[in-house]
Amino acid sequence: MNWILRPFAATVIMFLATYGQVSLALAQGAVKSSHGAWSMVCDTPPGATNEQCALMQNVVAEDRSEVGLSVVILRTADQEAEIMRVLAPLGVLLPNGLGLNVDGKDIGRAYFVRCFADGCYAEVILQGELLETMKTGTTATFIVFQTPEEGIGIPVDLSGFTEGYAKIP
C-alpha cells in the first residue's frame, strides 16, 4: 500500500493553508493526558476561538541525535478526517519523501508538502489500512533521506496509539 499516492491533495492544501502551523503551536501547549509513548497536547493557537488538541510524539534517531521527528495526529477543523503530520528537520532530501515501515513491513512514502523555519512537513489522511496498521503495530519507523542512498530510520513507539487516537477531540 502506498500511503500517500492517492488523490487528496486539495484537502491537504486547504488544511495546510488554514492550519499550517498547528503542530508548532501545539508543541508549546499543555499536555492533557499520556497514552503510552504518546501525549495529548492542547492549545488555543493565535486567531483560533477553540482549543485544538493533537496526539503527539517527538523522537530522535538512535544513532544520529541531531535528526529528530515530531509525529502529530489531529482531526481537521470540519471533523471530517484525521491527519498524520510528520515534521522532519531542515536539510532532508525532499524529492525522496518520508518512508514508513511498521513492524518491518514497508508501507510506502509520503511526500513533503511544505517547509517552515522549524522543518518540513509530510502529511497524510489517516484512514483505512494505514490507520489499522498504526493501531495494531508496535513500532513505526519513519525514514528521512540526506542523500538518495542514505536513509535514516527513526523508530516511533506505537504503544498507546489506539487509546490516544480514540480520545482525539
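Quick look at the numbers
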| quantity | calculated |
| --- | --- |
| Filter result (in contact (Cβ under 8 Å) with a residue 24 or more places away in the chain, out of contact with any helix residue (DSSP H, G or I) (no Cβ under 6 Å at 6 or more places or on another chain) and not in a loop (DSSP other than H, G, I, E, B)) within region 88-112 | Ala88, Leu98, Gly99, Leu100, Asn101, Lys105, Ile107, Gly108, Arg109, Ala110, Phe112 |
| Subset of region 88-102 (residues that are farther than 23 Å from Glu62 by Cβ and surrounded by 13 or more Cβ atoms within 10 Å (Cβ to Cβ)) | Leu94 |
| Residues of region 103-112 that turn out to be surrounded by 20 or more Cβ atoms within 10 Å (Cβ to Cβ) and over 12 Å from the mean Cα position of the chain (by Cα), as a count | 1 |
| Count of region 113-159 residues which are surrounded by fewer than 17 Cβ atoms within 10 Å (Cβ to Cβ) and in a loop (DSSP other than H, G, I, E, B) | 10 |
| Of all residues in region 34-51 being within 10 Å of Gly160 (Cβ to Cβ) and polar (S, T, N, Q), the one that is nearest to the chain's Cα centre (by Cα) | Ser39 |
| Of all residues in region 53-80 being small (Gly, Ala, Ser) and more than 21 Å from His35 (Cα to Cα), the one that is farthest from the chain's Cα centre (by Cα) | Ser65 |
| Residue in region 118-126 that is among the β-branched types (Val, Ile, Thr) and in contact with a Leu (Cβ under 6 Å, 6 or more places away or on another chain) present | no |
| From the options Val124, Val59, Val67, Val41, residue that is touching a helix residue (DSSP H, G or I) at 6+ places or on another chain (Cβ under 6 Å) and β-branched (Val, Ile, Thr) | Val41 |
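FYI, it's all coordinate maths here, none of it is from the lab. Keep in mind that what you see is a predicted model, and the values were worked out from it rather than measured. Glycine also receives a Cβ, built like all others from the backbone with ideal geometry; neighbour counts cover every protein chain displayed.
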